[in-house]
1. Condition first: open to solvent by 40 Å² or more (accessible area, probe 1.4 Å) and touching a residue at least 60 places away in the same chain (Cβ under 8 Å). Can you find one or more residues in region 105-127 that meet it?
2. Quick check on VAL22: is it buried (at least 19 other Cβ atoms within 10 Å of the Cβ) and part of a strand (DSSP E or B)?
3. Looking only at region 80-88, decide whether some residue is aromatic (Phe, Trp, Tyr), open to solvent by less than 10 Å² (accessible area, probe 1.4 Å) and not in a strand (DSSP E or B).
4. Would you check if there is a residue in region 74-95 being over 30 Å from ARG174 (Cβ atoms), over 15 Å from the mean Cα position of the chain (by Cα), at pLDDT 95 or above and not small (Gly, Ala, Ser)?
5. Based on what the data block shows, is ALA73 touching a residue at least 12 places away in the same chain (Cβ under 8 Å), aliphatic (A, V, I, L, M) and open to solvent by less than 20 Å² (accessible area, probe 1.4 Å)?
6. From (1) within 17 Å of the chain's Cα centre (by Cα); (2) without any contact (Cβ under 8 Å) to a residue 40 or more places away in the chain, pick out the condition that doesn't hold for TRP167.
7. What number of residues in region 174-186 are without any contact (Cβ under 8 Å) to a residue 40 or more places away in the chain, farther than 25 Å from THR152 by Cα and open to solvent by less than 70 Å² (accessible area, probe 1.4 Å)?
8. In a helix (DSSP H, G or I) and within 16 Å of the chain's Cα centre (by Cα): does that describe ILE41?
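The values are calculated or read from the model by the stated rules, or taken from the named source; none is laboratory data. Here the structure is a predicted model, which means the values were calculated and not measured. Neighbour counts run over all protein chains shown; Cβ positions are idealised from the backbone, glycine included. Accessible surface areas use protein heavy atoms only, side chains included; no ligands, DNA or RNA. Shrake-Rupley method; radii C 1.70, N 1.55, O 1.52, S 1.80 Å.
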Amino acid sequence: DADNVKSGIPDRTNGNKDAKIVLIEYGDYSCPGCTTLEGNIKKVLKDYGKEISVVFRHFPITSIHPNSKIAAAYAEAAGLQGKFWEMHDALYGNQSAWQDLRGTKRDSYFENQAQALGLNLDQFKSDIKSDNVIGKINSDVKKGKDQGVDATPNFYLNGRKLSNDDWNNEANLRSAIQKAVDEANK
């Protein structure tokens, strides 16, 4: 895909990368709804991990979440050292600890997270501002806008936009995925 070639960073996927069923999430690390849903995604992945691929794409809404784009950059910088999902989980898991921090307090918080993950800190600091990382976030946002995303969280299951009712609780999300699994196995 041309956008990924530009950024050099492919989609961040979890589960079975070759699955017929693809769930794409557009998320913002500062979004309370995304944080709440992250637990449901993990539970569903645990049960359907062989049958689905879950793709996470960044859609930072900086007008209401000023730290969301930098948080995405920290996740991608960690990803360049093989720790995307670990930083992803730390961002969602500790959202209240960092979402209102500014300047050096924010930077030192994220650098401490990077150290806790065993990342090379100099590389991490350099990657945060890199064209690859900025390009990846911008590419994700463009893909989202092209699909009609205007808020987070937003989910697409095999290209079909899921309604809020389809994903707003674990049972509904499981039901939507099970239906896709059943259709794929026909």
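1. no
2. Spelling it out, VAL22 is indeed buried (at least 19 other Cβ atoms within 10 Å of the Cβ) and part of a strand (DSSP E or B).
3. At the first step, the residues of region 80-88 found to be aromatic (Phe, Trp, Tyr) are 84-85.
Applying the additional criterion that residues be open to solvent by less than 10 Å² (accessible area, probe 1.4 Å) yields 84.
Applying the additional criterion that residues be not in a strand (DSSP E or B) yields 84.
Among the residues of region 80-88, at least one is aromatic (Phe, Trp, Tyr), open to solvent by less than 10 Å² (accessible area, probe 1.4 Å) and not in a strand (DSSP E or B), which makes the answer yes.
4. Taking every residue of region 74-95 in turn, at least one turns out to be over 30 Å from ARG174 (Cβ atoms), over 15 Å from the mean Cα position of the chain (by Cα), at pLDDT 95 or above and not small (Gly, Ala, Ser).
5. Numbers: touching a residue at least 12 places away in the same chain (Cβ under 8 Å): yes; aliphatic (A, V, I, L, M): yes; open to solvent by less than 20 Å² (accessible area, probe 1.4 Å): yes.
Considered against the rule, which asks whether it is touching a residue at least 12 places away in the same chain (Cβ under 8 Å), aliphatic (A, V, I, L, M) and open to solvent by less than 20 Å² (accessible area, probe 1.4 Å), ALA73 comes out as yes.
6. (2)
7. 0
8. yes
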